[in-house]
1. Check His185: other-chain or 5+ apart residues with amide H under 5 Å from its amide H, H built from backbone geometry?
2. Label-point separation (nm) for Glu73 and Ala184, each offset 7 Å from Cα along Cα-to-Cβ?
3. In whole Hz, with x marking every Gly and Pro, tabulate ³J(HN,Hα) for the range 118-133 from phi via Karplus 6.51 cos²θ - 1.76 cosθ + 1.60, θ = phi - 60°.
4. Taking 0.36 nm per residue of separation and subtracting the Cα-Cα distance, what length does fully extending Thr125 through Arg213 add?
5. Label Arg220 and Ser113 with points 7 Å out from Cα along Cα→Cβ: what is the distance between them in nm?
6. List the pairs from Lys130/Lys150; Lys78/Lys129; Lys78/Lys142 whose alpha-carbon separation is above 20 Å, in the order I gave them.
7. By how many nm would the segment from Arg93 to Asp201 grow when fully extended, if each residue of separation counts as 0.36 nm and the alpha-carbon distance is taken off?
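Quick note: the coordinates plus some simple rules give every number you see, no bench work behind them. Just so it is clear, the model here is predicted, and its values are computed rather than measured. Ideal geometry is used to build each Cβ from the backbone, glycine not excepted, and the neighbour counts take in all protein chains shown.
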Amino acid sequence: MAFFIRMAVGGVVTSGGSAPTPDQPQSYADTEDLKKAKQDLRELAEEMPWVAVRALNAAMTGTKTDMKNIVREHYNYKATTLDSRVHIHRATRARIEGHIESSGEAVHLTDISPGGPSQTARGVTVSVKKSTGRQLIPRAFKAPGRHSGKVIVFRRPGLPPGQHLMLVPRYGDSPPILDVFRTAHPEVIYNAPENWARISDAAAQRLDDNIAREIDAEFRRQEGKWG
């Protein structure tokens, strides 16, 4: 699962799933603010490409923060978990565009905060969504993964609590069937229509603001030289 947003001289384009190809539909946030940002950035790229690069890269860094904040409004993902999934491909003077991509496997419950999953006599409790609070997963237990060593939430279907003591890490040649509990891909949340629109609008606004800021800073630098 992936989420993709491109920021370029032509504006902001977002696409769910993976990087868009010519045959894939793309969603353009074509608001009045974005139209202005497009025009400003075109002119800026022609006259002062290094200023356009700085504006784009600053806007993408801010958009990455916006994406994490939108998810964490309602879900208890650790900030570090989200941060590790989001990658910024920065603009350069030779290529005045960049993109942000988020991808990865489903998130383990041990990457949920605050406190993460808690072991109880009845199973494991965890709070994934802020509105629901802690929920019980009956017969679940926490144990290191067989290969990674990462603590994971497991459940052995149909068996009572306590059976996990002989399961991890000594699985044997015929490992028992276990449920591994994970939560949703953050990219699913980014791609929800209401969040997709918010991210696109925020990216456009950041681009517009950073263009204005970088132009002003460049004029001040030039004014200092002239003075």
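1. Counting only residues 5 or more places away or on other chains, the set is Val107.
2. 1.4 nm
3. Running phi through 6.51 cos²θ - 1.76 cosθ + 1.60 with θ = phi - 60° gives 10, 7, 10, 5, 8, x, 10, 10, 8, 10, 8, 9, 4, 6, 9, x Hz.
4. Values: separation 88, 0.36 × 88 = 31.68 nm, distance 4.71 nm.
Full extension of this stretch gives 27.0 nm more.
5. Result: 3.3 nm between the two label points.
6. Numbers: Lys130/Lys150 24 Å; Lys78/Lys129 12 Å; Lys78/Lys142 18 Å.
In this structure, Lys130/Lys150 lie more than 20 Å apart at Cα.
7. Numbers: separation 108, 0.36 × 108 = 38.88 nm, distance 2.52 nm.
The span from Arg93 to Asp201 would gain 36.4 nm if fully extended.
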